[in-house]
1. If only one of A:A87, A:A91, A:A78, A:A64 is assigned to a helix (DSSP H, G or I), facing chain B (nearest Cβ under 7 Å), more than 30 Å from B:N78 (Cβ to Cβ) and in contact with a helix residue (DSSP H, G or I) (Cβ under 7 Å, 6 or more places away or on another chain), which one is it?
2. Mind listing whichever residues of the stretch A:26-47 are within 7 Å of another protein chain (Cβ to nearest Cβ) and β-branched (V, I, T)?
3. Only residues that are under 29 Å from A:A32 (Cβ atoms), outside any loop (DSSP other than H, G, I, E, B) and at pLDDT below 90: list them for the stretch B:106-152, please.
4. Please enumerate the residues belonging to the stretch A:97-117 that are of a type outside the set (A, V, I, L, M), within 20 Å of B:F72 (Cβ to Cβ) and more than 10 Å from chain B (Cβ to nearest Cβ).
5. Being among the β-branched types (V, I, T), out of contact with any Leu (no Cβ under 7 Å at 6 or more places or on another chain) and under 26 Å from B:L151 (Cβ atoms) is true for just one of A:V54, A:V77, A:V112, A:V97. Which residue is that?
Amino acid sequence: MSSLPTFWNEFTAWLPHVQLAHFLIVSAILFALGLYGIVTRKNAILVLMGVELVLNAANINLIAFSRYSTLRLDGQVAAIFVIILAACEAAIALAIVLNIYHRFRTINVDEVSNLKE
Amino acid sequence: MQLFDLVFYVFAVITIVSAFIVVFSKNIIYSAFSLLFTFFGVAGLYVLLQADFLAVTQILIYVGGILVLMLFGVMLTNKVINVDIKTGTIQTIPALILVAIVAGTLAGLFYSTWRTAGSSMITLPPTTTSLGEMLMTGYLLPFEVASIILLVALIGAAMTARRNRKVAP
């Protein structure tokens, strides 16, 4: 466990040379933001946007590991399947949201608490 | 600092700042449009990682498909004329705790591994041909399953979103 100034010096020397960890940090920030959006937003469409942010963060991870390791293209194929499933999820979820709107006249997820009218 | 690093930081800043706007903006329209910039920034990061096919796919599917779908959702479920497209937040404190736990875990992992994590990168040739070959050989079964899932999602979404109509007995 190095002391704080040493850590800071190493960190600032490390920062301008982009490596795997830089991409992982961006992806982690994106993941945390998406999680916050999922939990706090009232509007169902904004919850879906949070889900998309989380999926994009996962995709950045997959592609970064496929470049910085010996996995080569396997990570990119996994990312393609993630994109396919994200498209399916968005279509189905928006259809459900439209149905909820027709029935309850609102899409705030905290007000829609009945399974049946 | 080389060009690669500079471009990385440009795209990273675009991605993260617009993701902040997505999560914290009060206006749904602003959120939707800054999600556009988030997707473009992520596509730029894909280009930096030599995933050219995936970058184009990201722009085509996310920006051209999912984002337009979400804008349709916003327009169809809000009274845009009444300018009442603001939205509130709930459960801010539990969410902050949850996100702090997740971010703390990730930061701890980062602190213990950042000196040794993969500094050597491989150089990939243009990926489209080999991705197509992999989808048709090693990943054939997931590929077919994905196509069936897309078909099911298509039919299911069309059936779900349709107005209920009286079926003739």
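1. On the way: A:A87 fails: more than 30 Å from B:N78 (Cβ to Cβ); A:A91 fails: more than 30 Å from B:N78 (Cβ to Cβ); A:A78 fails: facing chain B (nearest Cβ under 7 Å).
Just one listed residue meets the conditions, A:A64.
2. From the stretch A:26-47, those within 7 Å of another protein chain (Cβ to nearest Cβ) are A:26, A:28-30, A:32-33, A:35-37, A:39-43, A:45-46; that's our starting set.
Of everything in the stretch A:26-47, those that are within 7 Å of another protein chain (Cβ to nearest Cβ) and β-branched (V, I, T) turn out to be A:V26, A:I29, A:V39, A:T40, A:I45.
3. Correct list: B:L106, B:A107, B:G108, B:L109, B:F110, B:Y111, B:S112, B:T113.
4. First, pick out the residues of the stretch A:97-117 that are of a type outside the set (A, V, I, L, M): A:99, A:101-106, A:108, A:110-111, A:113-114, A:116-117.
The next check asks that each one be within 20 Å of B:F72 (Cβ to Cβ); those that pass are A:99, A:101-106, A:108.
Across the stretch A:97-117, the qualifying residue is only A:F104.
5. Every option except A:V97 fails the conditions.
The values are calculated or read from the model by the stated rules, or taken from the named source; none is laboratory data. Since this is a predicted model, take the numbers as computed values, not measurements. Because the Cβ atoms are built from the backbone with ideal geometry, glycine has one as well, and the counts that use them run over all protein chains shown.
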